[in-house]
Amino acid sequence: MQMLNHSYRGLGLLMQLNWDRMLFVGAIVAALFLGAFLGSF
């Protein structure tokens, strides 16, 4: 249980440090999908 708690805290720290990078990747993916959607008309 203690190992699970430590790994959860480590994952939370990793997410806190890299949330802007994931947001950037998500924005690129959303823009590609939107471009493909608009290009299909």
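The values are calculated or read from the model by the stated rules, or taken from the named source; none is laboratory data. Small disclaimer: the values here were computed from a predicted structure and weren't measured. Here the Cβ positions follow ideal geometry from the backbone for every residue, glycine too, while neighbour counts run over all protein chains shown.
Let's see how each residue does on (1) modelled with pLDDT of 85 or more; (2) surrounded by 10 or more Cβ atoms within 10 Å (Cβ to Cβ):
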| residue | (1), (2) |
| --- | --- |
| L4 | no, no |
| S7 | no, yes |
| Q16 | no, no |
| M22 | yes, yes |
| A31 | yes, yes |
| G35 | yes, yes |
| L38 | yes, no |
Under 9 Å between Cβ atoms, at least 6 apart or on separate chains: pull out the pairs that start in the range 16-41 with a residue that is touching a residue at least 60 places away in the same chain (Cβ under 8 Å) and part of a helix (DSSP H, G or I) and end on any residue that is of a type in the set (S, T, N, Q) and loosely packed, with under 10 Cβ neighbours inside 10 Å.
none
